[in-house]
Structures are given as C-alpha cells and as structure tokens.
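Here the structure comes first, spelled out in structure tokens, and everything after it is commentary.
Nothing in this text is a laboratory measurement; each read-out follows from the coordinates by a stated rule. The model shown is predicted, which means the values in this text are computed figures rather than measured ones. Here the Cβ positions follow ideal geometry from the backbone for every residue, glycine too, while neighbour counts run over all protein chains shown.
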C-alpha cells in the first residue's frame with residue numbers, strides 16, 4: 001500500500017486566487033456559480049438539506065466565508081451586509097452591563113454606533129488611547145467584555161501592538177476584536193497575534209473595486225463562529241449572495257493589488273514628507289512614524305492608506321481638493337482608484353468637533369486611499385495641487 005502523505009498547507013496567495021475554483025459538481029464550472037435562490041427543497045419529510053433558507057445559509061456566501069476564515073487563520077466566518085453590520089454583530093450579543101473598550105480615534109461610523117448603543121443603555125463604552133499603556137490598563141481594570149482595536153487607525157494611522165494588548169485583555173477577562181479593514185489578511189493577521197475576532201468592511205480592499213457594500217467577522221474557534229452565524233440569522237444581517245460572489249471575485253487579485261498599492265503609497269508618503277507645504281505625514285512605512293517599529297514587526301507591509309496635514313487653514317484644503325484630477329474626492333477606500341477624503345467634513349464629521357480634537361483629527365487633515373494608477377501620475381497630481389497653495 002502506498003503511504004499517503006498529508007497535503008502541504010496552501011499559501012494565502014493561492015487561497016485568495018483559487019478557493020472554490022473548479023469545485024462545481026453539477027456542471028464542472030471553473031468559476032464558482034452564483035446561487036441566488038432564497039429557498040431550498042427538502043429531500044423529504046423532516047429531512048432538511050444543507051441549505052433551507054437564504055438568510056440562514058447560502059452556498060455562495062459560505063464559499064466567501066470559508067476563504068476569509070482560511071486567509072485570516074480563523075475557524076469560521078460570517079459575511080454580513082456591511083462593515084457596520086459586522087461590528088454590530090459582535091455588539092448585539094452584549095448585555096446592558098457589558099463594557100466595550102474602543103479606540104478614542106476609531107472610525108467615525110464605529111464611534112457613532114457605540115455611542116448610539118450606549119445611549120440606549122444596551123451596553124457601556126469607554127474610549128481610550130490604546131497606545132497609552134496607563135490609560136489602557138485603567139480601562140482594563142473595569143473588566144470589559146470586549147476590546148475593539150483598529151490598527152492602523154482611521155484616519156491617523158496609529159499603530160497598536162496587538163499581541164501584548166490581547167494578552168492584557170485576556171488577563172482581564174475580555175475578548176478582542178481587531179478591525180483589519182485597512183490592511184487585509186494580505187498584510188496583517190490579528191488572530192495569529194492573539195485576537196479572538198477579526199472584523200472587515202469587505203467593501204474596501206477585500207473586494208477592491210468600489211462596487212459592493214459588505215462586511216465579515218472571522219472567529220478564532222468554531223464555537224464562536226457558530227454563535228455568530230446563529231445570531232446573524234436571528235437579526236437578519238447576512239450579506240447578499242450576489243455581493244458575496246462579487247467580493248470573492250475581487251478577492252482573487254487581493255495580493256497583487258496590495259503589492260502594487262503599497263508601493264504607490266510608499267512613494268506618495270515619501271514625496272509628501274519632503275514637500276514644504278505639508279506639515280505632517282501619517283504613514284507607518286515612514287521611519288518618522290512613531291509606530292514604524294511595531295508595524296514592521298507585526299505586518300507584512302505598510303498598507304495603501306495614509307493621511308497628511310497641510311500647512312495652512314481650511315482655505316488651503318479647499319483649494320487643494322479642487323485642484324487635483326487623478327485623486328477623486330470621495331469617502332470609502334481600498335478600491336483600484338485613488339481617493340481623497342477630508343475626515344473633518346466627511347468620514348468623521350459625526351464625531352463632533354470636540355471628539356475630533358481629542359483624537360487629534362485636525363481640520364487640515366486629508367486622508368488618501370492609494371490605487372493602481374501609475375506612480376508618476378499620482379505624484380504629478382499631488383505636486384500640481386500643492387503648487388496651487390504657493391501661487
């Protein structure tokens with residue numbers, strides 16, 4: 001008898017490019033089929049099949065869930081209708097006395113959701129600078145149920161050292177969920193660093209084409225994943241099959257896109273850091289960034305997101321955003337096109353002026369999502385826009 005050897009573990013690039021390929025047993029399609037059916041036939045009386053109703057399960061959505069779980073190193077995943085639905089899937093299971101510790105500079109939508117839940121007395125929330133050890137330790141002394149982490153943060157690209165934070169949180173009896181939207185599993189894998197959950201807005205880099213709204217939660221073990229799937233069925237926030245199919249198609253090119261976009265981002269950050277009209281650049285790939293050493297250790301790159309502050313006032317901001325042509329003034333991020341956002345009036349407007357000031361989000365801060373355009377065109381566009389400020 002020929003001895004069977006275990007198959008080697010696939011590289012993450014292969015999982016992204018090929019999970020579900022040539023798996024169709026009905027017609028042997030190479031590309032995974034799209035199942036739009038909302039309901040499924042029972043084989044017989046009291047004999048449910050693997051799928052019954054689309055809210056509870058769908059083959060296309062499950063294929064994306066499997067791919068994301070493999071890429072993040074988790075035991076299971078739940079695909080939701082949006083990134084905010086993914087975060088709320090975690091929050092919705094909490095009780096009135098449960099405390100959530102969240103970053104003081106988190107994404108504006110996340111802060112809005114947490115405050116809304118807290119105002120309705122559905123949970124308690126504490127916003128803290130998680131890079132400040134005494135402040136974090138004080139928050140953990142309150143015995144939170146869940147610690148939410150963003151690294152890099154949105155929009156200031158602050159870096160949190162995930163492994164020691166997870167150890168501290170677990171010692172305090174808390175679970176840890178890391179929002180990995182800005183980097184994707186191509187660049188960072190929080191579960192390997194101790195996280196219990198990874199959250200994504202799949203709208204962003206995972207899909208990569210600015211044409212799908214979606215989210216996902218990946219859990220470290222099967223029991224947590226099953227609990228999340230059950231709760232998703234209860235509240236009805238599952239993503240649509242077509243959106244899952246599009247996201248899976250976008251996932252095929254994730255690693256190639258991230259390689260190119262990260263290269264462009266480093267070139268842009270280096271250019272901006274040297275420009276006289278730029279007061280400060282926030283990009284972990286720069287040695288001047290305070291989180292550079294941690295990012296180098298826990299990431300496989302520095303991502304395609306950065307922000308910078310202009311030397312000037314809001315008049316300079318208005319002049320600059322109206323001058324660029326390759327960059328598009330729009331919210332969201334992670335697509336193949338380069339986007340420019342003004343957090344104070346766009347993504348983080350709902351935080352309020354005082355909260356933005358506390359988080360360090362100034363009125364002269366601009367956020368860039370770097371795409372796949374020619375590097376020279378991106379730099380020329382920025383140079384042209386910045387030149388308008390000295391005319």
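Annotations for the structure displayed:
- Of 298, 47, 262, the one that fluctuates the most in a GNM where the chain has Cα springs shorter than 10 Å: 47
- Region 44-200 - percent relative contact order, Cα under 8 Å, separation 6 or more: 20 percent
- Percentage relative contact order, region 182-264, counting C-alpha pairs under 8 Å, at least six apart: 31 percent
- Extension gain, residue 296 back to residue 24 (0.36 nm per residue minus Cα-Cα distance, nm): 93.9 nm
- C-alpha long axis of helix 162-171 to longest principal axis of the chain, angle in °: 60 degrees
- Approximating the spin labels as points 7 Å out from Cα along Cα→Cβ, the residue 42-to-residue 253 distance works out to 4.5 nm.
- Max mean-square fluctuation residue, GNM over the chain, Cα-Cα springs under 10 Å, options 27, 302, 327: 27
- Normalised by the number of residues in the chain, the mean separation of alpha-carbon contacts (under 8 Å, six or more apart) gives a relative contact order of 17 percent.
- Shape call, region 208-352: gyration tensor on alpha carbons, a/c limit 1.5: prolate
- For a paramagnetic label modelled on residue 53 (point 7 Å from Cα along Cα→Cβ), amide N atoms under 14 Å away belong, within region 206-246, to 230-238.
- GNM top mover of 42, 127, 205 - the chain, alpha-carbon springs below 10 Å: 42
- Gyration tensor verdict on region 133-261 (Cα atoms; rounded if a/c is under 1.5, prolate if a/b is larger than b/c, oblate otherwise): oblate
- Full-extension gain in nm, residue 388 to residue 234, via 0.36 nm per residue minus C-alpha separation: 50.0 nm
- Quotient of C-alpha Rg and 2.2 N^0.38 Å, computed over the chain: 1.02
- Helix axis angle, 108-119 relative to the chain longest principal axis, alpha carbon, degrees: 70 degrees
- Cα centroid separation - region 71-142 against region 31-45, whole Å: 35 Å
- Extending 7 Å from Cα along the Cβ direction at residue 375 and again at residue 329 yields two label points whose distance is 2.9 nm.
- Compared with the direct C-alpha span, the chain from residue 142 to residue 267 gains 40.7 nm at full extension, assuming 0.36 nm per residue.
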